[in-house]
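Presented below is the structure to which this report refers.
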C-alpha cells in the first residue's frame with residue numbers, strides 16, 4: 001500500500017509543479033479567445049486546467065522519468081514488451097497469491113484503469129463534441145496506444161494489456177459522467193464549452 005501512496009504523491013507533486021505550464025498555456029488560449037470574441041465559463045476553465053494537470057500527471061509517471069534517464073545517459077537493461085493479450089491476469093494472480101505482493105494488483109491492474117478515469121469523465125463534461133461514447137472510447141484507446149508506442153523508444157516496458165486497461169478506465173469515466181449528468185444536469189451544464 002505504501003508504494004501506491006508513493007505513486008499518488010509523486011503524481012500530485014508533478015501536477016503541482018506543472019501548474020505554471022498549464023496556466024501559461026491557458027493564458028495564451030484566453031488571449032486568442034478574446035481576440036476572436038469568444039468566452040468560456042469559469043467552471044469550464046477550471047475543468048480544462050484539471051484536465052491539463054491530469055494529462056501531465058499521467059505523462060509524469062509513464063514517459064517523463066524514462067525520457068530524463070535517456071537524456072542523462074543512464075544505462076538500462078533493455079525494453080520489456082508484452083504482446084500477449086490478457087497476460088496481466090496471470091501475472092497479477094502470480095504476484096498477489098504466489099508471491100504475496102498485493103500492491104501489484106493495485107498499481108498494475110487497478111492503477112492502469114484509474115489513471116484514465118479522469119479523461120473519460122472530463123472529455124464529455126468539458127467538450128460537447130466528446131459526449132458520444134465511441135469518441136471517448138477511441139480517444140482513450142488512442143492516448144494509451146500513443147503512450148505505449150512512445151515507451152517502445154524508452155527503457156520502459158510496453159504492454160498491450162495496459163492499452164485495454166487504460167481504455168476501460170476511460171469507459172468507466174464516461175459512465176461516471178453519464179451518471180453525474182443524469183443526477184445533476186444543471187451542475188454538469190456549467191462545465192460544457194460555450195461554443196459547442
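Values in this text are rule-based calculations from the coordinates and carry no lab data. These figures come from a predicted structure and were not determined experimentally. For neighbour counting, all protein chains shown are included, and Cβ atoms are generated from backbone atoms with ideal geometry for every residue, glycine included.
Quick one: in the range 3-45, which of the residues that are part of a helix (DSSP H, G or I) and in contact (Cβ under 8 Å) with a residue 60 or more places away in the chain is surrounded by the most Cβ atoms within 10 Å (Cβ to Cβ)? Taking the candidates together, the pick is 44.
Taken over the range 139-165, the criterion of being touching a residue at least 40 places away in the same chain (Cβ under 8 Å), out of contact with any strand residue (DSSP E or B) (no Cβ under 7 Å at 6 or more places or on another chain), more than 13 Å from residue 88 (Cα to Cα) and part of a helix (DSSP H, G or I) is satisfied by 147, 150. Consider residue 180 carefully, then state whether it is more than 17 Å from the chain's Cα centre (by Cα) and in a loop (DSSP other than H, G, I, E, B). For residue 180, the condition - more than 17 Å from the chain's Cα centre (by Cα) and in a loop (DSSP other than H, G, I, E, B) - is not met. Among the residues of the range 61-115, those identified as loosely packed, with under 12 Cβ neighbours inside 10 Å and either on the phi > 0 side of the Ramachandran plot or in a helix (DSSP H, G or I) (or both) are 68, 71, 72, 73, 78, 86, 89, 90, 97, 98, 100.
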